[in-house]
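First the structure, in the form of structure tokens, and then the observations on it.
The values are calculated or read from the model by the stated rules, or taken from the named source; none is laboratory data. A quick note: this is a predicted structure, and the numbers were derived from the prediction, not measured. FYI the Cβ positions are ideal-geometry reconstructions off the backbone, even for glycines, and counts take in every protein chain you see. Areas reflect the complete protein model, heavy atoms only, side chains present, ligands, DNA and RNA absent. Shrake-Rupley method; radii C 1.70, N 1.55, O 1.52, S 1.80 Å.
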Amino acid sequence: MLRAMPDTPPAPTPRPAPAAVSFAEALRFWLKLGFISFGGPAGQIAIMHTELVERRRWISEQRFLHALNYCMVLPGPEAQQLATYIGWLLHRTWGGIVAGALFVLPSLAILIALSWVYLRFGDVPVVAGIFYGIKPAVTALVLHAAHRIGTRALKNGWMWGIAAAAFVAIFALDVPFPAIVIAAGLIGHFGAQRAPGVFALGGGHGAAGPSAGPALIDDDTPPPPHARFTRARLLRVLAVGLGLWGAAMLALVATQGWQSTLAQMGWFFTKAALVTFGGAYAVLPYVYQGAVEHHQWLSAAQMIDGLALGETTPGPLIMVVAFVGFVGGWLAEVAGPDRFFLGGTLAACVVTFFTFLPSFVFILAGGPLVEATHGKLGFTAPLSAITAAVVGVIVNLALFFAYHVLWPQGFGGPFDAVSALIAVAAAVALFRFKVGVIPLLAACASVGLAARLAL
């Protein structure tokens, strides 16, 4: 008697590759991304991975990670650069410009509005109470950022030593942040020649996971014609980028003078854009040194408040520089007497332009080289050493924030026990319970408001 054989499950039908993406469809997605890109670089990259790799399948997992590794090597906000890279790969130069710009512009508009509210109504008890609760939370967030980067970067005693040396250099010796970056990069470069294993810390983002199906830009899809390297194209992109920078700077100098607030902001934030290795938290000490201590565009307390506003808006955290520009332009009356909002808005736009222009040049100029090295690009030894140094710099930033939050009148004044309790609770929520940034800031703002109204 024959036994009935169990039915063999049919083989899954292969998913067809998605259809070509129109420029209009991509534009709608990049605009949506600009308004929902909360959660810092990790959250923003996760959103793009879910939407572009898994759901829409515009790009494969391996190609996505390959582009991300290049963006991680560059100075600047890696999530914004990744959006620019994928937009460029899909729709040439204008695709990259639109993707990168829409990643930033919604955040710029929101921050200009919030900065105006902050300066116009900051002394109102309700607003003051909200910021009273947010400031300790920001201190905990910075400390958590140091821990998050440190767990990835400090893999051996040499890396711990670099981090400690960077902390001493900026905390005790007041060494400028760019000098620390250069020194760490040189240590990584020459150290790798003697002990390559010390600085070979891997790519940081792991290997590609299971395929979501055929992608429009798949693993074996050859680079499109516009993504193939030519020396003429490289020189053309560099010339346009430098030309835009020079034209903008020349216009500021011609109309305002070299020593004017706007011209100095353009020059300072150009330099800041070139040393943002390790993300926004890494460059904040440099911004503090220049904007607060040297140029005095804003106070230390305002810098903390600006970081809090930056944490609550979509887009890259480095957009806190727009707040710095707005406050500096407002206080300096760069648009003339009593034209505070116009001056603040103008300065915020100037700062944003000079901060993000290098990122577009890096992607549009370097993208073809990256496409030619598919499967070979990873972290370099200098970057590994710089990332280790960044940990020490961020710890210094956390101490700076803690000092201004817990002793608002200096060590000679009273200790703020309520702020200390909020900071400790925020740290526990971050480290132990993995609470998200937005819920954490909302809870701390509520506690701070209640504490201020109860006084």
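Numbers for the structure displayed
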{"read-out": "Close pairs (6 angstrom Cβ cut-off, 6 or more residues apart or separate chains): modelled with pLDDT of 90 or more in region 213-238, part of a helix (DSSP H, G or I) and of a type in the set (A, V, I, L, M) anywhere", "value": "LEU234/ALA365; VAL237/LEU364; VAL237/ALA365; LEU238/ALA365"}
{"read-out": "Residue in region 285-298 that is modelled with the lowest pLDDT, counting only those that are among the hydrophobic types (A, V, I, L, M, F, W, C) and crowded, with 21+ Cβ neighbours inside 10 Å", "value": "VAL287"}
{"read-out": "Odd one out for THR255 among (1) assigned to a helix (DSSP H, G or I); (2) open to solvent by less than 20 Å² (accessible area, probe 1.4 Å)", "value": "(2)"}
{"read-out": "Scan of region 403-455 for residues that are within 12 Å of ALA140 (Cα to Cα) and touching a Leu at 6+ places or on another chain (Cβ under 8 Å), ordered by number", "value": "SER419, ALA420, ALA423, ALA426, ALA427, ALA429, LEU430, VAL437, LEU440"}
{"read-out": "In region 56-88, the residues that are part of a helix (DSSP H, G or I) and open to solvent by 10 Å² or more (accessible area, probe 1.4 Å)", "value": "GLU61, GLN62, ARG63, LEU65, HIS66, ASN69, TYR70, MET72, VAL73, GLU78"}
{"read-out": "Residue among ARG56, ARG92, ARG120 that is at positive phi and not β-branched (Val, Ile, Thr)", "value": "ARG92"}
{"read-out": "Flag if SER107 is open to solvent by less than 30 Å² (accessible area, probe 1.4 Å), over 30 Å from THR345 (Cβ atoms) and among the hydroxyl-bearing types (Ser, Thr, Tyr)", "value": "no"}
{"read-out": "Residue count, region 408-424 (criterion: without any contact (Cβ under 8 Å) to a residue 12 or more places away in the chain and open to solvent by less than 70 Å² (accessible area, probe 1.4 Å))", "value": "4"}
{"read-out": "Of all residues making up region 262-284, the number that are surrounded by 21 or more Cβ atoms within 10 Å (Cβ to Cβ), modelled with pLDDT under 95 and not hydrophobic (A, V, I, L, M, F, W, C)", "value": "4"}
{"read-out": "Subset of region 367-399 [under 25 Å from PHE64 (Cβ atoms), open to solvent by less than 10 Å² (accessible area, probe 1.4 Å) and at pLDDT 80 or above]", "value": "GLY367, PRO368"}
{"read-out": "Test: ARG432 is open to solvent by 70 Å² or more (accessible area, probe 1.4 Å) and touching a Phe, Trp or Tyr at 6+ places or on another chain (Cβ under 7 Å)", "value": "no"}
{"read-out": "Any chance ALA183 is under 27 Å from HIS294 (Cα atoms) and open to solvent by less than 60 Å² (accessible area, probe 1.4 Å)", "value": "yes"}
{"read-out": "When residues of region 299-332 are limited to those that are assigned to a loop (DSSP other than H, G, I, E, B) and either open to solvent by less than 10 Å² (accessible area, probe 1.4 Å) or in contact (Cβ under 8 Å) with a residue 40 or more places away in the chain (or both), the one nearest to GLY133 (Cα to Cα)", "value": "THR312"}
{"read-out": "Some residue of region 130-142 being closer than 21 Å to VAL324 by Cβ and among the polar types (S, T, N, Q)", "value": "yes"}
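Rundown of residues vs (1) surrounded by fewer than 21 Cβ atoms within 10 Å (Cβ to Cβ); (2) modelled with pLDDT of 85 or more; (3) of a type in the set (Lys, Arg); (4) not in a helix (DSSP H, G or I), yes/no style:
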site	(1), (2), (3), (4)
LEU119	yes, yes, no, no
TYR132	no, yes, no, no
THR151	yes, no, no, no
VAL168	yes, yes, no, no
